[in-house]
Amino acid sequence: MTDTHQTNAWREETVGRDRALVRKGEEVTMTFALGPATGAAKEPDRLTAILDNRVLRLRHCEQIHGGTIHELSAGGQEVVDVGPGDGLITSSPGVGLLVWTADCVPVLLAADGVVAAVHSGWRGCAVDIVGAAIDRMTRHYEISRKRIGAALGPAVCGSCYEVGPEVPEALRRFDLDESRWLADNHVDLRGFLNARLEALGLPAENIETIGGCTAETPELASFRRDGESAGRQWAMAYLNHRKALSY
Ligand SMILES: [Zn+2]
């Protein structure tokens, strides 16, 4: 088992302007910001604050509930919105990959010198963006699926997520055990993604669920609970840079 899995504990600390759950391994650091519930969204200052002592570059995307994954290298400006897409992947140390959520699931993936960050609500689940990310990691970087660790961050729970019939309809095509993600007309997105990641070949013990239900936790941002006034929490993964790199 690599350090991207369970050998290090999650700790709550301040990252930039936000409280966050952080796990710093030898190779990879994963972070899930906790809220704020309202107000702060994708302000440039909020992103710039994360740069201090954390990452050399920060990349996020203009999330569209799709299946596009951007592959990123180390060059360029400090903070870049790389355009439409819902996933980011890199093998460059010091490049923070950041996704925004407010009920959807932030998924951070890591193994053997590669990290990825994915935004997956039900539409992202329906287009299998995690499958696309795993596929990229295994084909392009030749990583074994058994080596990949996944952390699923704060998201809406099944009890709080009542959906129309189109949602289970779209998700049934993956043929996963429904008891893990569907109860009446309620969908547990993290339950679905756990089952999907296992079906994709990740060992169950490599998949973690971190943080509570966004709708039920007052300090977390929840679109379902607060609508347009909901804030956004970010999730970020990066490969640690061992020394100051010059670009
Ligand atoms: Zn809930």
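Size descriptor for segment 107-157, Kirkwood hydrodynamic radius: 11.4 Å (Cα pairs only, one decimal).
Backbone amide hydrogens, once placed in the peptide plane, bring A155 within less than 5 Å of T214, excluding anything fewer than 5 places away on its chain.
Largest first, the three principal axis extents of the alpha carbons in segment 1-148 are 39, 32, 30 Å in whole numbers.
Couplings 3J(HN,Hα) of segment 165-172, computed from phi: x, 5, 6, x, 4, 5, 8, 5 Hz, in residue order, whole Hz [Karplus 6.51 cos²θ - 1.76 cosθ + 1.60, θ = phi - 60°; x for Gly and Pro]. With both residues required to sit in the chain, DSSP beta bridges show an antiparallel share near 70%.
Counting only DSSP H runs of at least 4 residues, each contributing -39500 (n - 2.57), and dividing by the residue count of the chain, the helix-based mean residue ellipticity at 222 nm comes to -4500 deg cm²/dmol. Averaging over all projection directions, the Cα-based convex hull of segment 70-166 occupies 7.2 nm² in the image plane. Residues whose amide H comes within less than 5 Å of that of V187, counting only those at least five positions distant or on another chain, are Y161, V163 (H built at 1.01 Å from N in the peptide plane). Relative protection proxy for 231-238, 128-135, 77-84, 179-186, from highest mean packing down: 231-238, 128-135, 179-186, 77-84 (other beta-carbon atoms within 10 angstrom). The share of C-alpha pairs in the chain whose separation exceeds 30 Å stands at 18 percent.
Read-outs: derived from the displayed coordinates by stated rules, not from any lab. All values reported here derive from a predicted model rather than from experimental measurement. So basically every Cβ, Gly included, is an ideal-geometry build from the backbone, and we count neighbours across all protein chains shown.
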